1. Is it fair to say residue 377 is over 27 Å from residue 264 (Cβ atoms) and buried (at least 21 other Cβ atoms within 10 Å of the Cβ)?
2. If residue 367 satisfies every condition in (1) at pLDDT 90 or above; (2) crowded, with 18+ Cβ neighbours inside 10 Å; (3) farther than 24 Å from residue 252 by Cβ but one, which is the exception?
3. Restricting attention to the stretch 168-225, and to residues there that are out of contact with any helix residue (DSSP H, G or I) (no Cβ under 7 Å at 6 or more places or on another chain) and either within 26 Å of residue 91 (Cβ to Cβ) or crowded, with 24+ Cβ neighbours inside 10 Å (or both), which single residue is modelled with the lowest pLDDT?
4. What helices (runs of 4 or more DSSP H) lie completely within the stretch 1-116 and have 2 or more residues being more than 26 Å from the chain's Cα centre (by Cα) and surrounded by 14 or more Cβ atoms within 10 Å (Cβ to Cβ)?
5. Kindly list the number of the only condition in (1) modelled with pLDDT of 90 or more; (2) surrounded by fewer than 17 Cβ atoms within 10 Å (Cβ to Cβ) that fails for residue 121.
6. Among 100, 129, which is modelled with pLDDT of 90 or more, in contact with a helix residue (DSSP H, G or I) (Cβ under 8 Å, 6 or more places away or on another chain), over 15 Å from residue 182 (Cα atoms) and in the same structural domain as residue 148 (by TED's automatic domain parsing)?
7. With assigned by TED's automatic domain parsing to the domain that holds residue 221 and under 14 Å from residue 193 (Cα atoms) as the only criterion, which of 175, 159, 90 stands out?
8. Need at least 3 residues that are under 15 Å from residue 125 (Cβ atoms) per element, so show me which helices (runs of 4 or more DSSP H) inside the stretch 159-267 make the cut, counting only ones lying wholly within it.
């Protein structure tokens, strides 16, 4: 006996699905992203409560205990994580979702009494396992628990091919009525495939793979909905799979590369992770006071934020500097590259946290034509997204990637810790151009010094 009749259950599931769709719509813009997150969370709450009162559940104390433990771990972690670590958190959450779907499918295999149901089970098992292990490797790379460079070894393509063929064979055997032992073999092969898929990916390609694995998790969840006979899981999983696929393609386009090139580029030397050596080429460096004079007597300044700004937690100082310049009648905008930082929207969220007006955040397509009218382009912690090699060096791993046209500004100021290459591991020739000045140091400390000098003008 359940408290909700089937009609009311269907209506509540429909409401939850609408909330999920509205949440995705809200995430289209930084201005509405917070509301979108809240709507999505409320939709998830409606879905969970509906399940509790519409399905005859066994082992309720265990279920409630698992929810309590999961919430007790996830809530503090999500609240305390730094913005620079958000991609790692996304990777972990995504992996957990794929792993959960795989475990559900494994437990439901004995009840799968026809070929189509077993097909849904093996699909969920394989894709969920790939998502889980692949996400674990992306977390390790971004957290620098292992090298961020591509990991390849002789015969890797052959090993990958053999694992995939074995997985297809095991999947076919399970669909044809194989045992639980064969399903466990399939699960193991999926875990190995996920690791092998992500190991050759390096540098700035890692966040794109996170988005791809997110799409995999969505597909696994949708398939698990078929296994459990739950329409809402099918809808929610499909939404995640579709949005993850769209985001992956958008990020790949922003990098000027194909998804296949991102996944397998290391096999032919096309990964975006290269040398970490420091160049000994001469550069023009300056003091905070000189940079302040350059900024304080400009008419237009464009600030280009990057991962270095996030690491230094200098977004509030950057916002304060923009206000100080605007108080002197100087026009100030922030130029946002689609893949600046470690995930899409990273810089938007970072600057919104510092209360930078949304109208001051200019996307690449809008701001690029305006660099030629800028007196100063202030690059704070960015590197690869302003590197002219993407346009001029055919052999560069980032060749073809659309960049912010910082070189068109009359003067360029780089705030950098050192001359070490960016995340893609290649040198930035813009730093050696005659119109470029470097201010070395922690981004927040450098911005603080420049801000103080601007106020003293």
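The values are calculated or read from the model by the stated rules, or taken from the named source; none is laboratory data. Worth saying up front: this structure is predicted, and the values here are computed from it rather than measured. Don't worry about glycine lacking a Cβ; one is built from the backbone with ideal geometry, like all the others, and counts go over all protein chains shown.
1. yes
2. So residue 367 meets the others, but not (3).
3. For the stretch 168-225, the residue satisfying everything is 203.
4. 6-26, 30-54, 86-108
5. (2)
6. 100
7. Answer to the selection: 159.
8. Result: 180-198, 206-228.
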